[in-house]
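Visitor: Got a structure for you, written out below as structure tokens; questions coming shortly.
Values quoted throughout were computed directly from the atomic coordinates according to the rules given, and no laboratory measurement underlies them. These numbers were taken from a predicted model, which means no experiment stands behind them. For neighbour counting, all protein chains shown are included, and Cβ atoms are generated from backbone atoms with ideal geometry for every residue, glycine included.
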Amino acid sequence: MKKFEQSDRLNDLPEQFFAKLSSKVMEKVAAGHDIINLGQGNPDLPTPEHIVSRLQQAAENPVNHKYSPFRGMQYVREAAAAFYKREYGVELDPDSEVALLFGGKAGLVELPQCLCNPGDVVLVPDPGYPDYWSGVSLAEAEMVMMPLLEENQFLPDLTNISEEDAKRAKLMFLNYPNNPTGAIADQAFFDEVIAFAEKYDICVVHDFAYGSIGFDGQRPVSYLQAERSKENGVEIYTLSKTFNMAGWRVGFAVGNPSVIKALNLLQDHLHVSLFGAVQEAAESALTESYESALALSDIYERRRNTMVEAFNEAGWKVSAPKGSFFAWFKVPDGYTSESFSDILLEKAGVVVAPGIGFGESGEGYVRVGLLADEDRIKEAASRLSNLHIF
Ligand SMILES: Cc1ncc(COP(=O)(O)O)c(C=O)c1O
């Protein structure tokens, strides 16, 4: 068969580190092993019933069988604005300050293509969500990593960014509650970010994917709650985690009108908008009760408590994450993040994600998802204890 060469742009995309891990896991499962998969970020619980039934009804409405308007239905953008007003006290204009997205990932990958020219710098958290790298690569921009270190509560130290990099930077990605570290940010941090962004004319992109998941009574703050945030950036929100809707592919970007305009323009060329029934269901999720989201955060908090206690009892000294549904645990002495993950998979049938897959500063850690029920978490701890390696 004739083989067509891929474009340079595709060849230059970063390697999908976790694809390798996931095929190893699939092999084990196919061979009949009982694998406890704490390595992925796929919510394990179902979408709340009222959202599913709205989709069912909406699927029967012929209006939804047609193309949706390019930028989505007015009601869904109004629902996003109403959600931000209700949950965060933030005012948004549904026409100029909200863009509907096919999930947060789409917006995050599109943004560098919207705002960067080849050679521009994008400031990226390390460790961080690898899809930021994909967008930067497609825009032929250059990544400058911002290490997230434990001694700084996994917040970037902006004073370590060189003057030259700051001057060349067009975008800065941030994400709190954080994947993979489980750290959260406070208002003072966002104030510092905004002062930095203003000085160097950088667009802040705050990825608020885990905005609904905060522990110990701490409600995660939205970037848009900070003063002058809208002047200096956007926030990406997704329904994937808040409402267990990862498979539905719906999210939105909110904030600076010039960025929203650029996103909408690119999206006009890439696709027509989401299935109307998904937009109706999203409206229900955003405007009806928030109880299910709060209850879900409580479930993750109970799982976190169970995990931290059981892993410590098993001999692995770990500390508790403050938000998101991930824990970021140090690997024991003598292991790398990959060699430790391999041992857990091979000898205990427990999957965790090696920290190196999230960037160089992730070495020495593994990411462990809170995406299994408490019995499975206890079972994982008991298998770890039987390894006698701690
Ligand atoms: C940090 C972070 N941002 C964004 C996303 C994208 O979510 P989605 O595309 O489902 O909205 C994820 C998903 O795992 C994530 O972990």
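Visitor: Return one number: the angle in degrees, 0 to 90 and rounded to the nearest 10, between the long axis of the Cα atoms of helix 17-30 and the longest principal axis of the Cα atoms of the chain.
Guide: Computed tilt is about 60 degrees.
Visitor: State whether segment 20-111 is rounded, prolate or oblate according to the following rule on the C-alpha gyration tensor (a ≥ b ≥ c being the square roots of its eigenvalues): a/c under 1.5 gives rounded; otherwise a/b larger than b/c gives prolate, and the remaining case gives oblate.
Guide: prolate
Visitor: If you don't mind, another one. Taking a cut-off of 18 Å between Cα atoms, list the aspartates and glutamates near K317, but don't count ones fewer than 8 places away on the same chain.
Guide: E150, E151, E309, D333, E363, E379
Visitor: Now for a different question. Would you please give the residues with an amide H less than 5 Å from that of L171, counting only those at least 5 places away or on a separate chain, with H modeled from the backbone geometry?
Guide: Under 5 Å from the amide H of L171 lie the amide H atoms of L123, C203, each far enough along the sequence or on another chain.
Visitor: I would also like to ask the following. To make sure I understand, if each residue's beta carbon is the centre and we count other beta carbons within 10 Å, what order do S229, S284 fall in, fewest to most?
Guide: In increasing order of surrounding Cβ atoms, one gets S284, S229.
Visitor: Can you return the aspartates and glutamates within cross-link range of K105? Criterion is Cα-Cα under 14 Å, with same-chain partners fewer than 8 residues away left out.
Guide: Output for K105: D131, D207, E235.
Visitor: A further question follows. Would you work out if segment 257-306 is rounded, prolate or oblate? Take a ≥ b ≥ c from the square roots of the eigenvalues of the alpha-carbon gyration tensor; rounded if a/c is under 1.5, else prolate when a/b is larger than b/c, oblate otherwise.
Guide: In terms of gyration-tensor shape, prolate.
Visitor: While we're looking at this one, here's another question. Apply the Karplus parameterisation 6.51 cos²θ - 1.76 cosθ + 1.60, with θ equal to phi minus 60°, to every residue of segment 213-219 and state each ³J(HN,Hα) to the nearest whole Hz, in sequence, with x for glycine and proline.
Guide: My calculation for segment 213-219 gives 10, x, 10, 6, x, 9, 8 Hz in order.
Visitor: Using a ≥ b ≥ c from the Cα gyration tensor of segment 344-390 (square roots of the eigenvalues), is it rounded, prolate or oblate, where a/c under 1.5 gives rounded and otherwise the larger of a/b and b/c decides, a/b for prolate?
Guide: oblate
Visitor: Strictly greater than 29 Å: what percent of every Cα pair in the chain meets that?
Guide: When every Cα pair of the chain is considered, 44 percent fall beyond 29 Å.
Visitor: Compute the length gained on full extension between L10 and N117: take 0.36 nm times their separation in residues and subtract their Cα-Cα distance, giving the result in nm to one decimal.
Guide: Taking L10 through N117 to full extension adds about 36.8 nm, to one decimal.
Visitor: In what sequence do F154, F252 fall when counting other Cβ within 10 Å, fewest first?
Guide: Exposure proxy ranking, most exposed first: F154, F252.
Visitor: Rounding to the nearest 10 and keeping the result within 0 to 90°, find how far the Cα-based axis of helix 257-270 lies from the longest principal axis of the chain.
Guide: Approximately 80 degrees, to the nearest 10.
Visitor: Enter the angle in degrees (range 0 to 90, nearest 10) between the Cα long axis of helix 104-115 and the first principal axis of the Cα atoms of the chain, meaning the one along which they spread out most.
Guide: 60 degrees
Visitor: Continuing with the same structure: Under the rule of -39500 (n - 2.57) per DSSP H run of 4 or more residues, summed and divided by the residues of the chain, what mean residue ellipticity at 222 nm is obtained, to the nearest 500 deg cm²/dmol?
Guide: Only helices count here, giving -12500 deg cm²/dmol.
Visitor: Compute the distance from the alpha-carbon center of segment 10-48 to that of segment 104-150, in whole Å.
Guide: Rounded to whole Å, the Cα centres lie 23 Å apart.
Visitor: Also, I was wondering about something else. Distance between Cα centroids, segment 223-281 to segment 282-320: provide it in whole Å.
Guide: 25 Å
Visitor: Please give the FRET efficiency for S23 paired with S339, using the beta carbon to beta carbon distance and R0 = 22 Å, rounded to the nearest 0.05.
Guide: Taking R0 as 22 Å, the efficiency between S23 and S339 is 0.75.
Visitor: I need the GluC sites (Glu not before Pro) found in segment 195-249, filtered to DSSP loop residues with at most 14 other beta carbons within 10 Å of theirs.
Guide: Of the GluC sites (Glu not before Pro), the ones in loops of segment 195-249 whose Cβ has at most 14 other Cβ atoms within 10 Å are E227.
Visitor: Here is a follow-up. Among the DSSP beta bridges whose two residues both lie in the chain, what percent are antiparallel, rounded to the nearest 5?
Guide: 50 percent
Visitor: Now a separate question. List the GluC sites (Glu not before Pro) within segment 1-80 that fall in a DSSP loop (any state other than H, G, I, E or B) and whose Cβ has at most 14 other Cβ atoms within 10 Å.
Guide: Hits after loop and neighbour filter: E5, E15, E60.
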